[in-house]
Amino acid sequence: MAQQEPNYWLMKSEPDVYGINHLKQEVLTLWDGIRNYQARNFMRSMQVGDKAFFYHSNCKPPSIVGLMEVSKTGLIDPTQFDENSKYFDEKSSRGKPRWDCVQMKYVGIFNQSISLEELREIYTPEKLQVVKRGNRLSIMPVLKTTANDLLKRLGKPIV
DNA sequence: GCCAACGTTGGC
DNA sequence: GCCAACGTTGGC
């Protein structure tokens, strides 16, 4: 069977909470704690092998810093059942879990990251959603043409 | 620290 | 089903 073309995504995380270096150390991580339906639905449409730009948010400067890859899909987010987790959801049940997640795999860090400010100079919100003012979505698709252009600018990710 | 944007909740 | 109140995200 022919390999399907990967889709591209952008996923935000705060470097103090879980940054690209955490992923570099762990290699694999569960992208859990997503409590937004739109973001969850994007995760549901992910395929193993899809690529995602790792975006550092809530920091100076917010930037695309690395690349990762979807390694497992359709996983139930365990934090929704954990009463001690800040992501605990009392309205979710094991019989009918509300939140799921994917497993991501480290690919590499870009030699030179691209800041949000620079992204705004290059792309319109139609070309790259994250530059849209007030965008709070933490997971969003990236158009193939934009993704290819980004990869050209960012160069080869360093493992 | 401020606040714009916007998703969610709950009263009606 | 509307919408006001509230909470959160995240840039600045």
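The values are calculated or read from the model by the stated rules, or taken from the named source; none is laboratory data. What you are looking at is a predicted structure, and each value in this text was computed from that prediction instead of being measured. Note: ideal-geometry Cβ built from the backbone for every residue, glycine included; neighbour counts use all protein chains shown. These area figures cover heavy atoms from the full protein model, side chains too; ligands, DNA and RNA do not enter into them. Shrake-Rupley method; radii C 1.70, N 1.55, O 1.52, S 1.80 Å.
Structure values in brief
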{"read-out": "Residue count, segment A:36-52 (criterion: within 14 Å of DNA strand B (Cβ to nearest atom) and among the aliphatic types (A, V, I, L, M))", "value": "2"}
{"read-out": "Restricting segment A:124-149 to residues that are more than 21 Å from A:ASN36 (Cα to Cα) and either more than 15 Å from the chain's Cα centre (by Cα) or within 15 Å of DNA strand C (Cβ to nearest atom) (or both), the residue that is surrounded by the most Cβ atoms within 10 Å (Cβ to Cβ)", "value": "A:THR146"}
{"read-out": "Segment A:31-74: number of residues that are part of a strand (DSSP E or B), over 11 Å from the mean Cα position of the chain (by Cα) and not hydroxyl-bearing (Ser, Thr, Tyr)", "value": "3"}
{"read-out": "Residues that are open to solvent by less than 100 Å² (accessible area, probe 1.4 Å) and either within 16 Å of DNA strand B (Cβ to nearest atom) or charged (D, E, K, R) (or both), drawn from segment A:106-123", "value": "A:LEU116, A:GLU118"}
{"read-out": "Residues being open to solvent by less than 20 Å² (accessible area, probe 1.4 Å) and touching a Lys or Arg at 6+ places or on another chain (Cβ under 9 Å) - total across segment A:60-75", "value": "4"}
{"read-out": "In segment A:123-159, the residues that are without any contact (Cβ under 8 Å) to a residue 24 or more places away in the chain, in a helix (DSSP H, G or I) and in contact with a Ser or Thr (Cβ under 9 Å, 6 or more places away or on another chain)", "value": "A:VAL131"}
